[in-house]
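The values are calculated or read from the model by the stated rules, or taken from the named source; none is laboratory data. Please read all numbers here as calculations on a predicted model, not as lab measurements. For neighbour counting, all protein chains shown are included, and Cβ atoms are generated from backbone atoms with ideal geometry for every residue, glycine included.
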Amino acid sequence: MQIRRLTYLDSHKIKKLISYLCNDENDKLAKSIMEEPFGFINAMLPLPLKFKSESYILINQNEILGLITTARTPGNPYKINITRLIFKENLYEVAKQLVEFVIQKLGGKGATSFTVTIDECHDELFNLFINGCGFRQCASEILWKIDKPIPQKSNLKWRYAQNSDSKNISELYNSELINIYKPSLERHEKEFQESFFCGFNDYYKIRYIIEENAKLLGYFSITTTDNLNYIFDITTNSGYNFEYDDIINVMLCEVARKKRAFYPLIKQKTYTKNAENFEKYLKSKNYTPIQTQQILVKDFYKPIKQESSNWNVFILGENQITTN
């Protein structure tokens, strides 16, 4: 068996592997393969300079048995997200080899944290990452569907977020995390900035802020990967009362200006201080929870220079990152 980077020459082989997938997944993977000339350049770059996702395949006797795709976290290249894992039915050992391969390869280049988000109903995949690859269950997110969105004008005062707002946004986001989740889920300010190579991203994202007297009170964003399903993400200061209707209506109107038909999905982050109150609001609006996603994390521990032979000092995960 051999694991190597996916190339344009693999396009005819990959069609067999993804023949059982829906059209959207076929289109996304086909687009990824067509961007391979840029992928070759991207593969040669160190982690801080990579600008697009990377895919690797496991081959046995000229047959592709599995594929894995990774993407660095925008603004923090040392946090790696596993975004796609495809393998033939029941070949979980193939999937494990692919996961272990990217952890070893990218870890050798300086990656310190790997994250994967999976549907909680995928018990076998959950077991693969937890028991097979050493990931740990960190937190969860729930997607709620607005069945019949009716955009209405809102009086909420907001503006588009700028890169110069990223420090304040990160401070707000991190302050609203429940303490036990902070070591794994805290985010750097550059993770809230639009990168120079944003045009190569596999998604489109727009950010907004709510402020009063130059104080940031709230942050929300709209993300889509297919221009059909739009994820609404809201972070607000738990010390203030907000009308979620106003915030959601702003986002509905923003999408409706460009799209006549779309499916809005609201993300509930169960690891924030406002999670319970936000859930009560979502239930009161009769929104439908359609998916619970588990966030699984694998962190590297790296020894640092010891001042005393009697102590072993370690830096955990993102804390050792100084380049950002």
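Here are the numbers for this structure:
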{"item": "All positions within region 245-279 that are farther than 22 Å from TYR160 by Cα and of a type in the set (Gly, Ala, Ser)", "result": "ALA261, ALA275"}
{"item": "SER284 being at pLDDT below 95 and not assigned by TED's automatic domain parsing to the domain that holds ASN81", "result": "no"}
{"item": "Single unsatisfied condition, GLU124 versus (1) part of a helix (DSSP H, G or I); (2) acidic (Asp, Glu); (3) closer than 19 Å to LEU185 by Cβ", "result": "(3)"}
{"item": "Subset of region 102-116 that is among the aliphatic types (A, V, I, L, M) and part of a helix (DSSP H, G or I) - its residue that is farthest from LEU296 (Cα to Cα)", "result": "LEU106"}
{"item": "Selection from region 257-276 of residues that are in a loop (DSSP other than H, G, I, E, B) and within 27 Å of GLU186 (Cα to Cα)", "result": "THR270, TYR271, LYS273, ASN274"}
{"item": "Residue check for LEU172: outside the structural domain of PRO289 (by TED's automatic domain parsing) and outside any loop (DSSP other than H, G, I, E, B)", "result": "no"}
{"item": "Out of ILE80, ILE59, sole residue that is under 30 Å from ASN163 (Cβ atoms) and either of a type in the set (A, V, I, L, M) or touching a residue at least 24 places away in the same chain (Cβ under 8 Å) (or both)", "result": "ILE80"}
{"item": "Checklist (1) at pLDDT 95 or above; (2) over 22 Å from GLU120 (Cα atoms) applied to GLY317, failing item", "result": "(1)"}
